[in-house]
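All remarks here apply to the structure that follows.
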Amino acid sequence: QRLQELGGGTTKTTDLLGVLLDAYAEGVLSLQQVKDQLLTFLVAGHDTTAHTLSWMAWEIVQKPGLQDALAAETRLALPSRVDVTSKTSLSKLSLLDRVWQESLRKHPVAATGTLRQLKSMAMVPTSI
């Protein structure tokens with residue numbers, strides 16, 4: 001649908017979908033490659049976000065009073081649920097930003113990963 005909206009031309013946008021569709025329109029990527037790239041970003045983004053949020057939640061519960069302080073900051077900065085993602089609203093959440101940054105510093109998802117190299121190979125029996 002988005003490609004039809006573009007009329008087959010390029011948009012030179014900076015959002016992920018626009019960049020990929022521009023590459024498709026210019027013949028750099030096939031439509032299948034565009035779909036594959038989108039899936040990769042969605043899955044990778046989901047995994048790293050979940051990992052980071054899990055560590056952030058763990059850090060919050062380790063510090064007595066931090067959860068209450070974050071809730072108070074949120075109520076003050078965002079008195080209603082209207083426009084909670086605006087840059088102005090989010091810029092008022094300085095404690096949350098510091099907690100987020102500290103969680104990323106202490107538990108960097110992309111830098112550590114979960115891959116390990118085997119020192120030796122062990123065969124596991126496949127029958128009982």
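Every number here is computed from the coordinates shown, using simple stated rules; none is lab data. Since the model is a prediction, treat every value here as computed from it, not as a measurement. Don't worry about glycine lacking a Cβ; one is built from the backbone with ideal geometry, like all the others, and counts go over all protein chains shown.
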Worksheet, complete the sentence: Note, residue 102: beta-carbon cut-off 11 Å, +1 each Lys/Arg, -1 each Asp/Glu, net +2
Item to complete: Treat region 14-57 as a sphere of radius equal to its Kirkwood radius over Cα pairs and apply Stokes-Einstein at 37 °C in a medium of 0.692 mPa s; give the translational diffusion coefficient in µm²/s, rounded to a whole number.
Response: 283 µm²/s
